[in-house]
Every structure is written in structure tokens, then in C-alpha cells.
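Everything on this sheet refers to the single structure shown next.
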Amino acid sequence: MKNTGVEDIVEELKESQTQLLNTVGQLSEEKAHLVPAPDEWTVAQLLAHIAEIQEFWTAKAILMTKEDRPEITRNSVENDIREQTVLNKAGLRIPEFLYQCQNIHEATIRTLRTISPSDLQRQGFRGENNPVTVIEVLQSLARHINEHIEQIERTKRLIN
């Protein structure tokens, strides 16, 4: 990934947010809550997950700027929280999702802009012997969001 600084990540996240709003904006409530295939998430569940990962991985990046080499892999409690967040928010209406996604997106941008360029190479660990830097976590977050936007686009094709 070409991004080497926080502002590059911010710009990518802004582009992703615009794409997300355009992708989901015209989707009916009914289709947003349809299960496209067994063991697949609905568009509504994907929106909940996109919001959750922004908060989670932004917090982990900030943790890495404050602690020396923390473990940032999701633990079982954090996995349960992720799952419950997706399940609990799955019934929200699309305007509510988009409002929440926008608020979380804006909070993410504000938080990322507090990260000093000198902190971008600080390390944490995603599992044993798997070091990762702050900038790599942020790049991974941006990629993950884009992957889920593509998944929403595929899901829309399946349910239409």
C-alpha cells in the first residue's frame, strides 16, 4: 500500500466512506436485512462490522502509541463484543446505520490526526512473533473497510 502517513490513511478512509454511502444509500430496508447466502452477513451486519472495526483498530493504534509493544490481537472477550455488536445492531434501519457510520468515521478521523508521525513506526504484536507498526495497523484497517464495501456490492448483486 502506498500510504505512508496519517493524512494518506485519512484520505483513503474519506474515499471509502463516500463509496460506502453511495453503495448503501439507495438500498431498501428489506434488502439490507436479507441474508444473501448461508453463513453470509447481511448488508446491515456488514455496516455494523465496519463501524465496529473503525473504533476497535483505531483504539489499538492509539494504544500502540502509548504502550511499548502491546499485544493487539483480539482476545476472546473482544471477539464476543464484536459478535454482539454486529448482532445487536443488525436490526437498525439504514438511515440509523449511515448516521452511526458517519459519526464513527468522523471520530476516527479526529483520533487518527492526533497520532504523531514519529509514532507511526511504533510496534505492537498481532500474535506471538508477529510485530506490526501503527501505520501497518491503519493500512490494514483501510484495506479491511474496502474489502467489506466490495462485499456489500457483491451482496447487493446477490439479493437483487
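The values are calculated or read from the model by the stated rules, or taken from the named source; none is laboratory data. On a predicted model such as this, the values are computed, not experimentally measured, just so you know. Virtual Cβ from ideal backbone geometry, glycine too; neighbours counted across all protein chains shown.
Considering Ser140, Ser118, which residue is assigned to a helix (DSSP H, G or I), modelled with pLDDT of 95 or more, over 20 Å from Ile50 (Cα atoms) and not β-branched (Val, Ile, Thr)?
Ser118
Got a sec? Which of Ser140, Ser76 is at negative phi, loosely packed, with under 14 Cβ neighbours inside 10 Å and of a type in the set (Ser, Thr, Tyr)?
Ser76
Pull up the stretch 110-131, narrow it to residues that are surrounded by 19 or more Cβ atoms within 10 Å (Cβ to Cβ) and of a type in the set (A, V, I, L, M, F, W, C), then point me to the one that is nearest to Ile9 (Cα to Cα).
Leu112
Would you be able to say whether some residue in the stretch 80-91 is at negative phi, in contact (Cβ under 8 Å) with a residue 60 or more places away in the chain and of a type outside the set (A, V, I, L, M)?
Within the stretch 80-91, not a single residue is at negative phi, in contact (Cβ under 8 Å) with a residue 60 or more places away in the chain and of a type outside the set (A, V, I, L, M).
Would you mind telling me which numbered condition in (1) within 18 Å of Gln151 (Cα to Cα); (2) crowded, with 16+ Cβ neighbours inside 10 Å; (3) modelled with pLDDT of 95 or more; (4) of a type outside the set (Val, Ile, Thr) Ala90 fails?
Going through the list (1) within 18 Å of Gln151 (Cα to Cα); (2) crowded, with 16+ Cβ neighbours inside 10 Å; (3) modelled with pLDDT of 95 or more; (4) of a type outside the set (Val, Ile, Thr), Ala90 breaks only (3).
Is it the case that the stretch 45-62 has a residue that's on the phi > 0 side of the Ramachandran plot and charged (D, E, K, R)?
So far as the stretch 45-62 goes, no, none of its residues is on the phi > 0 side of the Ramachandran plot and charged (D, E, K, R).
For Thr42, only one of the following conditions fails: (1) of a type in the set (S, T, N, Q); (2) more than 18 Å from the chain's Cα centre (by Cα); (3) more than 30 Å from Pro117 (Cα to Cα). What is its number?
Every condition holds for Thr42 apart from (2).
Every residue in the stretch 20-47 that is of a type in the set (A, V, I, L, M, F, W, C), surrounded by 18 or more Cβ atoms within 10 Å (Cβ to Cβ) and in a helix (DSSP H, G or I), please.
The answer is Leu20, Val24, Ala32, Val43, Ala44, Leu46, Leu47.
Quick one: Gln19 ticks every box in (1) touching a Phe, Trp or Tyr at 6+ places or on another chain (Cβ under 9 Å); (2) at pLDDT 95 or above; (3) within 20 Å of Ile145 (Cβ to Cβ) bar one, so which box is it?
The single condition Gln19 does not satisfy is (1).
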